[in-house]
Amino acid sequence: QNRALMLSTGWSSQGNPLLRQHHITSIRQYFPSLKVETEGSAYLLPLQVEAYPTATLRVILPHNFPSVPPNLQLLNMPHPLADGNGYINVSRVGREFNQWTPHHNVGRLLFEFSSLLQRPVLGLVSTATPARPLSSIPVSSNNASSNSNRSEQIPPPSVDEHLSVEQVTCLLEDPQKFQEYFDSLESVRKMNSKKREIIEKQERATAENAAIQNDIEKIQTEIHSIIQDYEKTCSLYDQQALRQQQITQVRRENRK
């Protein structure tokens, strides 16, 4: 009853092994070929990147997960969001990680992020930063002219135009500019809109499942109480039957 009360009142998931195991199961479902580094706390998710055949996403579950999001480390592959040791700032991975709750589907979120990592052009889906046209992104250059006060601008590409090497270099050197450009793409905006609709449906389903789980646990508690009462009743019945047998035996002996 106390457990059901804590769940129904928003009890912190820290120390909840059932919810933690639920998230681990979700990761296994989305990544059947994962490797277990440390059972229950660290997993290696292989990435399919042609230029980096050994690229791996390391998922570390802190002791208070899922109250906090997992830690991510990119192995054997460079990325603008990864520091020198490969650790990624999860708050910039997407809205769900930035606004983390214990009821997010961590397997799905990791699958979406790993899919983006595996694309030829690296990028993140985020709705936190407003879109900005590519024409406002300056060109970075390593030659002597970069020291001058000349400010060059990249013209916005047409539908069929590809980014130049300088444009790609500029975007990869500045994660924020890359994110702003990526979010300005029409296809990404449509994808984000559809994604938000799906997430809202999943969150409603999660809330409904949590309510059902609370009801199940209450019923289980009631069944356990009924079983205990039944066992006590059976014990009293056995005692009374034994006493009745003893009385009957005594009466028979007295008659003799």
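Counting only protein heavy atoms and a probe of 1.4 Å, the accessible surface of region 198-256 is 52% carbon and sulfur.
Backbone N atoms of region 66-88 closer than 17 Å to the 7 Å Cα→Cβ label point of Q213 belong to residues 66-70. Annotation for L44 and L236: the two label points, set 7 Å from Cα along the Cα-Cβ direction, are 6.2 nm apart. In region 78-120, the portion of solvent-accessible area held by carbon and sulfur atoms comes to 50 percent [1.4 Å probe, whole percent, DNA, RNA and ligands not counted]. Here the Karplus relation 6.51 cos²θ - 1.76 cosθ + 1.60, evaluated at θ = phi - 60°, turns the backbone of region 195-208 into coupling constants of 5, 4, 4, 5, 5, 4, 5, 5, 5, 5, 5, 5, 5, 5 Hz, with x for every Gly and Pro.
Provide Rg over Rh for region 19-60; use the alpha carbon set for both Rg and the Kirkwood Rh (inverse mean inverse pair distance). Rg/Rh for region 19-60 comes to 1.01. Testing the spin-label approximation: label points 7 Å from Cα along Cα→Cβ at I198 and E173. State their distance in nm. That separation, rounded to one decimal, is 3.5 nm. Of L19, L172, L45, the residue with the largest accessible area leads and the full order is L172, L19, L45 (1.4 Å probe).
The values are calculated or read from the model by the stated rules, or taken from the named source; none is laboratory data. This is a predicted model, so every value here is computed, not measured. Please note: Cβ atoms are built from the backbone with ideal geometry, for glycine as well, and neighbour counts cover all protein chains shown. Note: areas computed on protein heavy atoms with side chains; ligands, DNA, RNA excluded. Shrake-Rupley method; radii C 1.70, N 1.55, O 1.52, S 1.80 Å.
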